[in-house]
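Data block below; observations after.
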Amino acid sequence: MEIKQTRSNLIMNTATMAYRNLLKTVHNPDRFMDVIIQPVMFMMLFGYLFGGAIAGGVKAYLPTIVPGILIQTMLSAATGSGAQIREDLDSGVFDRFKSLPMAHIAPLAGQLFADSLRLLIATITSLTTGYLMGWRPDVGFQWIIVIALLAIFMGWAISWVFALFGLLAKSATMVQSISMMGMMMLSFLSNAFIPIHTLPKFMQVLANLNPITFVITAIRQILANGAWTSESLIVLAFGIGIVVVFAPLTVWAYNHNN
Amino acid sequence: MNQDYAVQVTHLTKKFKDKVAVDDVSFNIYRGEVFGLLGPNGAGKTTTLRMMTTLLKATSGHVTIFGHDVAKESSAARAMFGLTGQYASVDEDISARENLMIFSRLNGLSRAEAKQRTTELLTEFSLLESADKTISDFSGGMRRRLDLAVSLITRPALIFLDEPTTGLDPRTRTQMWETIRKLVAEGSTIVLTTQYLDEADELADRIAVIDHGKLVKIGTPASLKEQVSQSKLSLSVADSNQVTEAKDIVTTHLKSATLIDQTTILAPFDDSNRLTDILMDLRAKQISVSHLSVQEPTLDDVFLNLTAPTHN
Ligand SMILES: Nc1ncnc2c1ncn2[C@@H]1O[C@H](COP(=O)(O)OP(=O)(O)OP(=O)(O)O)[C@@H](O)[C@H]1O
Ligand SMILES: [Mg+2]
């Protein structure tokens with residue numbers, strides 16, 4: 001049998017790579033555990049522990065923390081991409097990918113597409129947990145879909161940043177620990193769990209500059225008004241900006257990883 | 001560009017910061033030959049192979065694969081070869097079948113072709129029974145076989161194998177040799193690296209010995225072995241009074257012999273048939289032997305021999 005090679009096809013290669021990453025998850029479902037357990041745990045802990053103190057009740061606190069924990073979970077799922085890529089690079093499989101006559105970016109792109117499934121699961125878990133605890137947004141269901149998609153897109157955009165970090169870092173352990181700290185800083189030094197005006201002055205400055213604050217604000221506004229606000233447009237543009245800047249950088253780092 | 005060459009390596013050099021891992025190495029590999037890169041740990045074998053297979057940029061020098069420069073026409077070059085790296089380059093978390101399917105698809109095969117090729121390779125490499133187990137449950141030998149199977153998906157005319165038998169038990173190692181010989185019979189050009197002289201001897205048509213990044217010697221196994229110190233016969237007699245007599249017998253058969261202590265004689269040993277004669281003569285003189293061994297030249301001997309400064 002003569003094997004003819006079709007021209008390397010970016011879309012097909014990426015689909016194959018995404019399939020590979022999904023298969024890996026199917027064989028190891030525990031890869032999903034972090035994005036399922038984390039939002040449930042945080043939602044319950046924060047809701048029941050601080051709900052009364054911060055908002056005078058769980059129900060009153062939910063509109064604050066549901067978007068907060070949603071975005072925190074997106075961040076944490078995005079950090080997973082970096083660790084996964086580092087692990088792959090260290091395992092020798094990437095050498096094989098690189099020696100194949102295929103689209104160079106496919107292993108990366110496949111990883112990041114497969115990760116959107118993680119993001120989707122994280123989003124569904126976060127919103128469902130909120131709902132079960134009594135979260136009832138006033139807007140129609142279509143707006144829930146809109147904020148879910150916005151959150152997933154932002155998470156996906158941020159995963160390019162962590163992917164770059166994964167490529168540049170020395171070890172998977174280092175990626176994990178630094179990502180973890182970054183995730184903590186970004187989510188707690190924002191409006192995810194508390195009203196910013198209760199913070200000391202210098203922390204207010206930081207929290208107001210934190211991009212996560214903008215994303216969470218945009219989502220809360222959509223949920224409050226049932227409309228696409230200018231803030232949300234800025235956030236969306238910001239997300240696109242991250243992809244435009246970091247995707248080529250990541251691909252470049254990937255190609256120069258020798 | 002010469003049509004007879006599968007690979008041409010010219011003045012290839014790789015520096016990692018200050019360390020020169022590969023130092024001005026040049027050689028050509030003919031179509032259809034098995035070319036062995038022989039060297040100890042850290043010699044620069046993997047680094048050379050990685051540059052040849054587009055995985056690593058050379059600091060200077062050129063590599064062409066069937067006439068395609070790996071730096072300038074890397075995609076064309078990549079389409080020409082299969083690679084089995086030193087460390088398992090298959091996916092641990094998924095099954096053998098899934099690995100073959102995915103790599104077939106990435107190699108541009110259609111779904112139907114990929115399925116067919118996967119079954120063919122699983123059968124050929126006796127992996128059909130374990131096809132649906134995840135690789136993490138595989139033995140080292142099975143992993144190696146799968147790794148090789150993946151490199152053969154497109155039936156490449158040129159195959160790179162980085163230490164294909166390191167870490168395998170003797171039986172699995174022989175199986176791997178068989179597999180490699182079959183590939184050769186089918187007409188593939190094979191470039192393999194190894195730390196073992198016997199493996200290079202067993203498989204390779206030509207061997208390049210590298211050490212500290214430098215090409216020390218290149219030639220057929222026979223021509224290399226000529227340079228290597230021969231095997232040595234070491235013989236001890238039970239009674240030290242008979243040692244001179246025994247030494248004379250050994251000298252008659254092996255041309256020279258040295259006494260290294262009261263009872264032990266050491267002699268260069270290149271003809272195994274001589275051993276019977278020696279033992280028969282010793283028996284005739286009623287000299288009893290307390291210890292007898294033949295020391296094969298080791299890779300160390302090769303390097304000592306090839307890298308030692310020549311005195312005359
Ligand atoms: N990425 C790297 N950065 C720095 N030094 C490196 C790198 N890769 C290899 N080296 C060095 O280059 C030298 C040659 O390494 P190489 O892996 O090519 O040896 P090898 O012959 O394959 O050895 P082994 O038999 O152990 O596989 C070694 O001294 C190694 O430490
Ligand atoms: Mg090596």
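Give me the percent of DSSP beta bridges within chain B that run antiparallel, rounded to the nearest 5. Display every interim value, and only then the final one.
On the way: 35 of 53 bridges.
Approximately 65 percent, going by the DSSP bridge assignments.
Could you tell me the accessible area of A:V161 in Å² (1.4 Å probe, neighbours in place), rounded to the nearest ten?
Here the residue's solvent-accessible area equals roughly 50 Å².
Across 5 Å bins from the origin, how do the percents of Cα pairs in the stretch B:152-205 run, short distances first?
Pairs per bin, as whole percents: 5, 19, 33, 26, 13, 4, 0.
Return the inverse of the average 1/r over all pairs of distinct C-alpha atoms in the stretch B:231-296, which is the Kirkwood hydrodynamic radius, in Å to one decimal.
11.4 Å
At 10 °C and 1.306 mPa s, grab the translational diffusion coefficient of the protein assembly as shown from Stokes-Einstein with a Kirkwood Rh over Cα pairs, rounded to a whole number in µm² per second.
57 µm²/s
For the stretch B:1-138, I need the span (max minus min coordinate) of the C-alpha atoms along each principal axis, in Å, sorted largest to smallest.
Principal extents (Cα only, largest first): 46, 33, 25 Å.
How large is the accessible surface of B:R117 in square angstrom, using a 1.4 angstrom probe and rounding to the nearest 10?
Ignoring ligands and nucleic acids, B:R117 comes out at about 10 Å².
Given the protein chains as shown and a 1.4 Å probe, how many square angstrom of B:D169 are accessible, to the nearest 10?
Number for this one is 80 Å².
For n ≥ 4 DSSP H runs only, could you compute -39500 (n - 2.57) per run for the protein assembly as shown, divide by its residues and tell me the 222 nm figure to the nearest 500?
That calculation yields -18000 deg cm²/dmol at 222 nm.
Quick check for chain A: number of Lys pairs with alpha-carbon distance under 29 Å, counting only pairs 8 or more apart or on different chains?
The number of close lysine pairs in chain A is 6.
I need the semi-axes of the equivalent ellipsoid of the stretch A:1-155: take the C-alpha gyration tensor, multiply each eigenvalue by 5, square-root it, list largest first in whole angstrom.
39, 16, 11
Enumerate the lysines that B:K285 could reach by cross-link, defined here as Cα to Cα under 18 Å, with residues fewer than 8 away along the same chain left out.
Result set, ordered by chain and number: B:K247.
Please quote Rg/Rh for the stretch B:42-113 to two decimal places, taking the Kirkwood radius as Rh and restricting both calculations to Cα atoms. Walk me through the numbers before you get to the answer.
Details: Rg = 14.6 Å, Rh = 14.0 Å.
Using Cα coordinates only, the ratio equals 1.04.
From largest accessible area down, sort A:R31, A:R20; use a 1.4 Å probe on the protein chains. Working shown, then result.
Values: A:R31 60, A:R20 0 Å².
From most accessible down to least: A:R31, A:R20.
Got a sec? What order do A:W160, A:W252 fall in by accessible area at 1.4 Å, biggest, i.e. largest, first?
Values: A:W160 15, A:W252 150 Å².
Largest to smallest exposure gives the sequence A:W252, A:W160.
Any idea what Rg and Dmax come out to for the stretch A:11-78 if you just take the C-alpha atoms, in Å?
Reported Rg and Dmax, both Å: 16.8, 53.
Considering the convex hull of the alpha carbon atoms of chain B, report its projected area averaged over all viewing directions, in nm², one decimal.
Working: hull surface 83.5 nm².
If you wrap the Cα atoms of chain B in a convex hull and average its projections, you get 20.9 nm².
Sort A:36-49, A:101-114, A:136-149, B:202-215 for me by packing, meaning the mean count of neighbouring Cβ atoms within 10 Å per residue, highest on top.
Averaged packing, sorted descending, gives the order A:101-114, B:202-215, A:36-49, A:136-149.
The values are calculated or read from the model by the stated rules, or taken from the named source; none is laboratory data. Everything numeric in this text was worked out from a predicted model, so none of it was measured. Cβ coordinates were reconstructed from backbone atoms using ideal geometry, including for glycine residues, and neighbour counts include every protein chain displayed. The area values use the complete protein model at the heavy-atom level, side chains included, leaving out ligands, DNA and RNA. Shrake-Rupley method; radii C 1.70, N 1.55, O 1.52, S 1.80 Å.
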